[in-house]
1. Could you run the Debye sum over the Cα atoms of segment 209-359, one equal point scatterer each and no solvent, and tell me log10 of I(q)/I(0) at q = 0.15 Å⁻¹, two decimals?
2. Based on the Cα atoms of segment 123-269, what semi-axes does the equivalent ellipsoid have, where each is the square root of 5 times one gyration tensor eigenvalue, given in whole Å with the largest first?
3. Using a 1.4 Å probe and ignoring any ligands, DNA or RNA, find the accessible area of ASP371 and quote it in Å² to the nearest 10.
4. How much accessible area per residue does segment 167-251 have, in Å², with a 1.4 Å probe?
5. What's the angle, to the nearest 10 degrees (0 to 90), between helix 246-257's Cα axis and the longest principal axis of the chain?
6. Share of segment 210-369's accessible area from carbon and sulfur, percent, 1.4 Å?
7. Using a simple charge model, +1 on the beta-carbon of Lys and Arg, -1 on the beta-carbon of Asp and Glu, nothing else, what dipole does segment 265-418 show about its Cα centre, in debye to the nearest 20?
8. From largest to smallest, what semi-axes in whole angstrom does the chain give when each is the square root of 5 times an eigenvalue of its alpha carbon gyration tensor?
Amino acid sequence: MHTEHVPSDQSGARPGPAEYRELLREHLAPLRERARRSTHLPLVACAGSVLAVELRAPVDLPLFVNSQMDGYAVRSADVAGAGPGSPVRLQVVGTTMAGDEPGQEVDDDEARKVMTGAAVPSGADCVIPVEDTEVDGDAVLVLRPRSAGEFVRRPGDDVREGDLVLPAGVRIAERHLAAAASLGVSGLDVRPRPRVGVIATGAELVPPGRPLGPGQIWESNAVTLSAALQACGCTVSTSITSGDDPQEFAAALDSACTDADLVVTAGAVSMGDAEVVRQVLGDRADSRFGPVAMQPGGPQGLAGWRDTPVVCLPGNPVSALVSFVVLLRPLLLEAVGREPVRAVRGRLTGAVSSPAGRTQYLRAVLDPGVDGERPTVEPVSGPGSHLVATMARADVLAEIPADVTELPAGAEVEALPL
């Protein structure tokens with residue numbers, strides 16, 4: 001993870017974050033095109049995906065007349081006069097468990113014991129809950145009346161055949177899977193999850209948990225970016241840490257591109273002597289390396305490798321995460337059909353300063369306010385891209401526009417949730 005030195009491209013122009021996002025949008029066109037297609041997955045694999053084709057009920061639900069309670073299926077007319085002091089005695093003609101056939105028809109002055117979910121036999125039009133009864137040998141005493149239809153579930157009470165159950169575009173959660181499974185649907189047509197390879201670069205990087213040598217640090221970008229990608233609906237196909245040798249990095253690219261729609265790299269995009277990502281990818285015809293007018297996250301790059309788009313983020317952990325949230329996350333959410341993460345407006349709790357000509361993203365804590373109060377935004381650290389532990393306290397990025405150098409306490413800013 002090299003020091004964030006912001007290079008100048010040949011034209012000297014620095015696109016702002018919004019302009020650079022449009023460059024990324026064009027760069028990710030192949031991924032976006034593949035993500036628009038649908039793929040059929042078994043229900044167990046659909047959680048978190050976005051439904052590509054609406055689901056309509058193939059059958060009525062419930063499927064048949066069944067009991068809502070453990071109790072007795074009876075004719076409501078037989079128990080109209082029941083009460084604690086004047087119980088109605090009915091002959092029990094059998095028991096139906098969930099999964100059984102309904103059993104024989106219930107006639108006058110008869111009852112059939114039924115369990116929750118069990119089919120209600122013909123002749124019965126209501127169910128007496130077991131707590132409103134007393135057993136009397138082979139008969140049952142009913143202690144209160146029930147009207148026709150009480151505690152009976154009928155076909156179509158939940159949904160009728162042909163009704164819309166899940167619209168296209170919904171992000172599939174547990175409740176959606178329950179509805180689909182209850183309708184007998186074994187799989188759904190969903191938007192495919194982009195497969196993304198992650199490469200963190202730096203000879204100084206050591207996996208967390210291992211001892212450090214002189215000048216070494218624990219690697220965090222691969223973990224961070226993998227989690228961020230998964231939260232956007234992507235599948236991380238591979239995660240690699242590469243040193244600063246060009247052949248090693250090229251081999252890492254080969255491996256990451258084997259089964260990926262996109263590769264995201266972290267580090268080595270600036271102008272130093274060991275900027276291996278820029279060295280390997282910078283001279284390719286489809287590459288663009290240069291600064292973006294934002295802080296943190298100035299140096300950025302994009303290129304292609306083996307027909308796979310590569311997005312190159314800076315290596316400082318704060319810069320990498322801010323770059324992902326501001327530049328890449330909106331495009332990935334759009335590609336998979338998810339709702340964007342929307343900024344909120346809040347009042348600064350203190351005065352802030354910002355460099356001219358760059359959009360600054362301050363790590364901050366959002367207080368939503370109570371009883372109609374406006375939200376407040378409290379910065380939790382300075383602009384340094386190395387303050388990764390401090391960033392853990394933040395839950396938003398406060399955006400300071402490029403043409404603003406000072407804002408007083410109480411000024412309103414856009415706050416982008418992390």
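1. The Debye formula, applied to the Cα set alone, gives -0.86.
2. Over the Cα atoms of segment 123-269, the semi-axes work out to 62, 21, 10 Å.
3. Counting only protein heavy atoms, ASP371 exposes about 150 Å² to solvent.
4. 47 Å²
5. 20 degrees
6. Answer for segment 210-369 is 50 percent, counting heavy atoms of protein chains only.
7. 260 debye
8. Listed largest to smallest, the semi-axes of the chain are 63, 26, 19 Å.
The values are calculated or read from the model by the stated rules, or taken from the named source; none is laboratory data. Everything numeric here is computed off the predicted structure, so don't read it as measured data. Cβ sites come from the backbone with ideal geometry, for glycine too, and all protein chains shown count toward neighbours. Accessible surface is based on the protein model in full, side chains and every heavy atom, while ligands, DNA and RNA are left aside. Shrake-Rupley method; radii C 1.70, N 1.55, O 1.52, S 1.80 Å.
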